[in-house]
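The values are calculated or read from the model by the stated rules, or taken from the named source; none is laboratory data. None of these values were measured; they are calculated from a predicted model. Please note: Cβ atoms are built from the backbone with ideal geometry, for glycine as well, and neighbour counts cover all protein chains shown. Just the protein is used for accessible areas: all its heavy atoms, side chains included, with ligands, DNA and RNA removed. Shrake-Rupley method; radii C 1.70, N 1.55, O 1.52, S 1.80 Å.
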Amino acid sequence: MGIKGRHWALPAALLALVLPMATGCDSAPSTRLKPTAGPATTVARVCAEPASGPAKAPAGAVTVDPAKPGDLAAKTKSRPPNTTFWLRPGRHRLDKDRYAQVVPKKGDVYLGAPGAVLDGRRTNQYAFSGNAPGVTIRYLTVRGFVAPQNEGVVNHDSADGWVIEHTTIQDNSGAGLMAGARQQVRASCLRDNGQYGMNAYKGNGPISGLVLEGNEITGNNTDDWERKQEGCGCTGGVKFWAVDGADVRGNWVHDNRGTGLWADTDNNDFLIEDNVLEANDGAALIYETSYNAVVRGNTIRRNNWVEGRKYADRGDSFPFATVYLSESGGEPRVRARTDKIEIARNLLEDNWSGITLWENADRFCNSPANTSSGDCTLLVKNTKRCAQPAIATAPLYDDCRWRTQRVDIHDNRFVLDKSVVGCTVKCDRMAVLANYGTYPDWSPYQGDRVAEAITGKQHNRWHDNTYVGPWRFVAHDPSRVLDSGQWQGTPYRQDAGSTFRAQDGG
C-alpha cells in the first residue's frame, strides 16, 4: 500500500431486512454509467436474518447426510457434472484430514436446507476448491475452516463463473471466499473471518466481470494481521487484486478490523455505488495503483477512527483519510466504462478525515520503492523498460508510474462533528499531495515534481460539494494546511461552487 511511501505487502432478493439511513442530494449524471439519485437509503442485514433454503430436496437432487462425515465430498466425486446436491439440516463434516475438501465439477449446485452447516471443525483448510467453472452455492453456512494467510475457504482456487447467494461464510481463518472471473456474490454474509471476508485474487489474473451485491461484510480480520505483520496491508472486509470490471453495489460493509474495501494493484473499471460503509477501523475505501472508477451514492460514516487516531497520537502529520486514492486515477488508454475516477453524490459523515489523493514520488515501475511485488502499470508490459535513460523522457516518464490524475470529486456532502469522532486535530482533512522525491538516485521524479503535478497539473478537481463542520485542506505536501478560502483561491482553485458552514442547519 502506498501511504507516504511506507512499505506494504502484498436476481435474488438482495435485502433481507432494511433500516432507514440518511439521504443526500442529486446531481448530474455520471459519464457512461446510469446515475443514481443519492447516498444509499437501505442496508443489507443478511447476517441477522439469513434467507432459508428449500426444506425438501428439489426434484433430481442428491441428498447429503450430515450424519456421515465426508458424505458431501464423496457424493460430489461420484456424480457427473451439473449435479444438484441438497444438504439436509444439521452439521455436515468432511474427513478429518486437513486437506479434505469438496472438489465440485462443472455446473454443480449446492443447496443448504434450513440449518445446514458445513463445519471445518478447525481442522480442514478448505471447503470448496478446484477449477470447475459455473458452480453455485446457496443457503449454506460455511464455518470453522483454517485456510492459511492469503488463501480462501470457498472457491479456494479462484475458479470462474461461481455464484454465491444467500450463503453465510463465517468464523474461518484466512479469507472466507476467493474470487474468479464473472463471479457473483449476492445477499450473503461474510462475517468474522480471520483475514478477509473475500480475497479477489487469481494467480493468473486478471479477474473480469466481478459482482458483489447486497451482501453484509462485517467483523473480518479477527486474527489482526497488522499486529502479526506490521505494515502488511493484508487486512479488511474485501481485497481486490488485478480485477478488470467490478460492480460493488448495495453492500453493508461495517465493523471490519482494517479497511472496508481495498482495491490494490492494477484494478480497473470499478462501479462502487449505493453501499453503506461504516465503522471500519481503517479507511472505508482504498483505491491503490489502479484505474478508472465511479464511486457514487454511498453512505460512508464513522470510519477510520482506530487507525486515524493511532497515527495522530504518534504525531504523524499525514492526512490519513476515509476515502484514500493512492497512485490511482483516470486513464483514457485503459478501456473502461469511464475514463476518470469520479466520486459523486456520496454522504461522508463523522469519519476520521475525508478524501486524500496521494502519489508517492518514489513509487514507480522498476523502483526499489515499488511495493507492488514487481508489478508495473497497465501501460508498460516490460518493467525493465522503466530505466535510464528512456524513463526520463516521454512516453515512459508518464507511463512508468501510476498517476493520481483525472479525479473528479463533486456533489458530495461532507459532515464532521469532532465531538462525535472524539478528536481535536488531524481528523478534519481533505487533501491532494505527494512526498519529495529522493529515491532511487537515478529516479527522474526527484524533488517536488510529483507534488507540483498532482496538485496543479493532473486534472484533479473538487467542485460543487457541501461541507458542514470545521474542515481543513492539505495541498502539495503535509505542511500546507489551508482554510476553505485558501483552498478555493490561487493557486489551488479547488471547490468552485461548493458551500461551507460550521454547523448543520438541519
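Observations on the structure shown:
- In the stretch 65-79, the qualifying residues are those that are under 34 Å from the mean Cα position of the chain (by Cα) and of a type in the set (A, V, I, L, M), and the one that is surrounded by the fewest Cβ atoms within 10 Å (Cβ to Cβ) is 73.
Yes or no, residue by residue, for (1) acidic (Asp, Glu); (2) open to solvent by less than 10 Å² (accessible area, probe 1.4 Å); (3) more than 19 Å from residue 226 (Cβ to Cβ):
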position: 279; (1), (2), (3): no, no, no
position: 286; (1), (2), (3): no, yes, no
position: 293; (1), (2), (3): no, yes, yes
position: 304; (1), (2), (3): no, yes, no
position: 310; (1), (2), (3): no, no, no
position: 313; (1), (2), (3): yes, no, no
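- Test: residue in the stretch 199-214 that is over 20 Å from residue 326 (Cα atoms), touching a strand residue (DSSP E or B) at 6+ places or on another chain (Cβ under 7 Å), open to solvent by 10 Å² or more (accessible area, probe 1.4 Å) and of a type in the set (A, V, I, L, M): yes
- Looking only at residues in the stretch 157-197 that are part of a loop (DSSP other than H, G, I, E, B) and acidic (Asp, Glu), the one that is farthest from residue 137 (Cα to Cα) is 192.
- Residues that are under 17 Å from residue 226 (Cβ atoms) and surrounded by 21 or more Cβ atoms within 10 Å (Cβ to Cβ), drawn from the stretch 245-260: 256, 257, 258, 259, 260
- Enumeration of residues in the stretch 80-104 that are in a strand (DSSP E or B) and within 33 Å of the chain's Cα centre (by Cα): 84, 85, 86, 87, 91, 92, 93, 102
- Qualifying positions in the stretch 424-478 - open to solvent by less than 70 Å² (accessible area, probe 1.4 Å), farther than 23 Å from residue 352 by Cβ and of a type in the set (Phe, Trp, Tyr): 445
- Identity of the residue in the stretch 115-156, of a type in the set (Ser, Thr, Tyr) and assigned to a loop (DSSP other than H, G, I, E, B), that ends up farthest from residue 102 (Cα to Cα): 139
- In the stretch 345-358 there is no residue matching the filter, namely being open to solvent by 10 Å² or more (accessible area, probe 1.4 Å), at pLDDT 95 or above and within 25 Å of residue 241 (Cβ to Cβ).
- Selection status of residue 398, in a helix (DSSP H, G or I) and under 24 Å from residue 452 (Cβ atoms): yes
- Residue in the stretch 267-282 that is part of a helix (DSSP H, G or I), over 12 Å from the mean Cα position of the chain (by Cα), of a type in the set (Val, Ile, Thr) and modelled with pLDDT of 95 or more present: no
- Filtering the stretch 436-451 to residues that are closer than 15 Å to residue 360 by Cβ and not aromatic (Phe, Trp, Tyr) leaves 437, 438, 440, 443, 444, 446, 447, 448, 449, 450, 451.
Per-residue answers, yes or no, for (1) closer than 20 Å to residue 157 by Cα; (2) in a loop (DSSP other than H, G, I, E, B); (3) open to solvent by 40 Å² or more (accessible area, probe 1.4 Å):
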residue: 56; (1), (2), (3): no, yes, yes
residue: 60; (1), (2), (3): no, yes, yes
residue: 63; (1), (2), (3): no, no, yes
residue: 106; (1), (2), (3): yes, yes, yes
residue: 110; (1), (2), (3): yes, no, no
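- Residues of the stretch 122-167 that turn out to be over 16 Å from residue 195 (Cα atoms) and open to solvent by 10 Å² or more (accessible area, probe 1.4 Å), as a count: 16
- Single residue of 19, 87, 94 found to be touching a Ser or Thr at 6+ places or on another chain (Cβ under 9 Å) and modelled with pLDDT under 50: 19
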